[in-house]
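Worksheet: the structure to be examined is printed underneath.
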Amino acid sequence: MEGKTKIERKSVDDYLEIGCGRCKFGGTPDCKVHSWQAQLKSLRKIALESGLQEEIKWGVPCYTLDGQNVFTVAAFKDYCSVSFFKGALLQDPSSLLTKPGEDSQATRQLRLTDLAGIKKIQKQIKGFMNQAIELEKSGKKIDFKAKDELVYPEEPLAILKKDKKLESAFEALTPGRKRSYILHIGGAKQSETRRSRVEKCRAKILAGKGFNEY
């Protein structure tokens, strides 16, 4: 059986032309990236003006400072966004930022749907980006204390106890990545499903990735 050909995205130009490749529609006309071309290009222009390094990580444009992730630009089904890795620390007097998930403690998203809207709040977008850069320069960290107090389901604990290689890889993960797995695994109601989720996450854990990373 022939395997699916993997299309490597080396630049943001590739991303805009091909798509992010994070779902079956990547590389096809149905990829959501194609629905937000004008908006993504506008956000990219603003991002490049920040002076950060532009890279592709997890299949999307990522902007970094001395190798540290500051924010990403990405397309979703109903909006495109700028996601700030330390968004919880940003000053947001107009409440423009949104949690990407109920349990998100660090990341905050600026969700946008139309080009006119981006132009209208361009000053605020630049402000968030500049804030994020200064935060990274300051070395300030998100307080993940609450994440260390997560209640672990018994299934992953039992599997990690038996599998030392997996246990070592899991313990080496950042608090945020650990949390992503515990929330995913613990969200299953059945014990069998929780065990299955651990096994399905094995490759990502060994690769040092979080549950939502690609």
### Query
Quick check, is Thr72 within 12 Å of the chain's Cα centre (by Cα), open to solvent by less than 40 Å² (accessible area, probe 1.4 Å) and either without any contact (Cβ under 8 Å) to a residue 24 or more places away in the chain or farther than 15 Å from Glu136 by Cβ (or both)?
yes
### Task
Examine region 61-74 for a residue that is closer than 14 Å to Ser11 by Cα and among the charged types (D, E, K, R), and state whether such a residue exists.
no
### Message
Being open to solvent by less than 40 Å² (accessible area, probe 1.4 Å), hydrophobic (A, V, I, L, M, F, W, C) and over 23 Å from Lys140 (Cβ atoms) is the requirement here; does Cys80 meet it?
### Response
yes
#### Entry: Residues within region 98-120 that are open to solvent by 30 Å² or more (accessible area, probe 1.4 Å) and of a type outside the set (S, T, N, Q), tallied
11
### Query
Quick one: Leu150 ticks every box in (1) at pLDDT 90 or above; (2) within 24 Å of Arg108 (Cα to Cα) bar one, so which box is it?
(1)
### Query
Does Lys178 satisfy being within 27 Å of Thr64 (Cα to Cα), open to solvent by 70 Å² or more (accessible area, probe 1.4 Å) and part of a helix (DSSP H, G or I)?
no
### Query
Looking only at region 162-175, which residues are in a helix (DSSP H, G or I) and either surrounded by fewer than 13 Cβ atoms within 10 Å (Cβ to Cβ) or β-branched (Val, Ile, Thr) (or both)?
Lys162, Lys164, Lys165, Ser168, Glu171
### Message
So Leu157 passes all but one of these: (1) open to solvent by 70 Å² or more (accessible area, probe 1.4 Å); (2) farther than 26 Å from Ser83 by Cβ; (3) in contact with a helix residue (DSSP H, G or I) (Cβ under 9 Å, 6 or more places away or on another chain). Which condition number does it fail?
### Response
(3)
### Task
Hey, could you check region 185-204 for residues that are without any contact (Cβ under 8 Å) to a residue 12 or more places away in the chain and open to solvent by less than 70 Å² (accessible area, probe 1.4 Å) and say which is farthest from Leu157 (Cα to Cα)?
Lys204
### Summary
Exception for Ala132 within (1) over 22 Å from Gly208 (Cβ atoms); (2) open to solvent by 60 Å² or more (accessible area, probe 1.4 Å) falls at (2)
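The values are calculated or read from the model by the stated rules, or taken from the named source; none is laboratory data. Since this is a predicted model, take the numbers as computed values, not measurements. Heads up, the Cβs are rebuilt from the backbone with ideal geometry, glycines too, and the neighbour counts pull from every protein chain shown. These area figures cover heavy atoms from the full protein model, side chains too; ligands, DNA and RNA do not enter into them. Shrake-Rupley method; radii C 1.70, N 1.55, O 1.52, S 1.80 Å.
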